[in-house]
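Everything on this sheet refers to the single structure shown next.
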Amino acid sequence: MNTLKLFQVTIFSLIMPLQGNLAQAEEHQETSDEHTTSTQEITLSDTQINLAEIKIIAITKKTMNISLYAPGEIMTNGYTSYYVSPRIESIILKRHVKLGDEVKAGQALVSLFSEKVAQAQASYRIAHAEWQRVQALTSEVISQKVKLATETEFIAATSQLKAYGLSNNAIAVITQDSSSALGEYTLTAQRAGSVLSDDFHQGQRINAGDTIIILADESQLWVEAKLPATESTVLEKGTIAQLSLGNKLYRASVIQAAHNIDAQTRTRVVRLIVDNNQHQLHPGMFVDVAFLLKTTNPVIALPQSAFSRSSDGDWQVFIETSKNNFSAIEVEFGATLQNENDLKMRQWQEVTGLKQGQNVVIEGAFFIAAQAAKSGFDIHNH
């Protein structure tokens, strides 16, 4: 009996310390849980929210635009550009404009000299004088046949000068000023625009048809986007696209989608038109083109400003759990989208991991993430 009692006392003495350790462990776990819960939310003051310009929206599913990416290049507008070139072999005497100048219709561009133009001008003087003389004669003095032949020669001489590029004013000067040098003529702007190219030198001999100046109205420019030959998406005329150049965005629309495939680049060229009223775009610039296509079904999407990186590098957003309290939730990306109603024309991202009705931060997320980092917030404490 004494032996049994001694055994019971020994067992009791061993169990009691173990129970005490378990109780301490449970108490420590409760304390740890309380600490974890407190670090899952970030609380900001009204002042912080206002200074950080934090903006919150309620999550809703909506039909968005899918962004189809393609590299693009700004081109001159072929419908508004004009190539200035001599119609006959000539020597450049003097330039009147330089690269980048804005010119008006009728403004002098370049003066040239040509032996054939000199011959044509001389012939015109003779034909003009003869036509003026014949017109003053009556039918009793000159036959109708001779009069018609003289008029025809005058018209032919005038047409020859026009074919060489002389304006009506330049042709008129030939007879008004008999001392004017023959062979010299000036090419003028047929329309207003900017001088995009002037690759020539004074004294240079130019062949007929060689481009010496390119004029273009840059208020609207073309964009040529190149899609992979395997991309079968139909881009109808009028399809909206967003152009990205540095930090600036521009809105363009499809005006022509070529169906043939470039044999060398194996790409499909799609032509767009973009307004350039501020003259910030210029031919030769490379841009990123995002064609905006409607999603088949409503999706949850947020602007890029809503996302930040968690401590382990995953993408996260901040949900407002209650007034001024925010919690981070990891999300996964889907398609890159575009919200037509977003005046800032930002890219939006389809996401999974969120529910409709949740209030999510779409501006100021970076500030909240910084505050979370300071307080040791860890998204994986969930």
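For region 94-107, does any single residue satisfy the condition of being in contact (Cβ under 8 Å) with a residue 60 or more places away in the chain, of a type outside the set (Asp, Glu) and within 30 Å of Phe291 (Cα to Cα)? I'd like the intermediate steps shown before the answer.
Pass one, region 94-107, residues in contact (Cβ under 8 Å) with a residue 60 or more places away in the chain: 94-107.
Of the ones still in play, those that are also of a type outside the set (Asp, Glu) are 94-100, 103-107.
In the following step, the residues that additionally are within 30 Å of Phe291 (Cα to Cα) were identified as none.
Within region 94-107 (the criterion being in contact (Cβ under 8 Å) with a residue 60 or more places away in the chain, of a type outside the set (Asp, Glu) and within 30 Å of Phe291 (Cα to Cα)), the answer is no, since none of the residues qualifies.
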Contact list please: Cβ distance under 7 Å, first residue in region 80-93 and aromatic (Phe, Trp, Tyr), second residue in a loop (DSSP other than H, G, I, E, B), pairs at least six apart or on different chains.
Tyr82/Gln190; Tyr82/Arg191; Tyr83/Thr211
Surrounded by 14 or more Cβ atoms within 10 Å (Cβ to Cβ) and either polar (S, T, N, Q) or in the same structural domain as Leu227 (by TED's automatic domain parsing) (or both): which single residue out of Val270, Val360 fits that description?
Val270
With respect to Asn169, determine if the residue is of a type in the set (S, T, N, Q), surrounded by fewer than 17 Cβ atoms within 10 Å (Cβ to Cβ), assigned by TED's automatic domain parsing to the domain that holds Gln121 and closer than 21 Å to Lys94 by Cα.
yes
Among the residues of region 90-111, count how many are among the aliphatic types (A, V, I, L, M), within 39 Å of the chain's Cα centre (by Cα) and surrounded by 13 or more Cβ atoms within 10 Å (Cβ to Cβ).
6
Failed condition for Glu231, given (1) outside any strand (DSSP E or B); (2) closer than 30 Å to Val289 by Cβ; (3) out of contact with any Leu (no Cβ under 8 Å at 6 or more places or on another chain), with all others met?
(3)
Taking region 281-304 and the residues there that are part of a loop (DSSP other than H, G, I, E, B) and at pLDDT 90 or above, the one that is surrounded by the fewest Cβ atoms within 10 Å (Cβ to Cβ) would be Gly284
Per the filter on region 38-58, residues over 22 Å from Leu302 (Cα atoms), surrounded by fewer than 11 Cβ atoms within 10 Å (Cβ to Cβ) and in contact (Cβ under 8 Å) with a residue 12 or more places away in the chain are Ser45, Asp46
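Determine which member of the set Glu151, Glu218 is surrounded by 14 or more Cβ atoms within 10 Å (Cβ to Cβ) and part of a loop (DSSP other than H, G, I, E, B).
None of the other options fit; the residue is Glu218.
The values are calculated or read from the model by the stated rules, or taken from the named source; none is laboratory data. Everything numeric in this text was worked out from a predicted model, so none of it was measured. Neighbour counts are summed over all protein chains in view; Cβ atoms, including those assigned to glycine, are modelled from backbone coordinates with ideal geometry.
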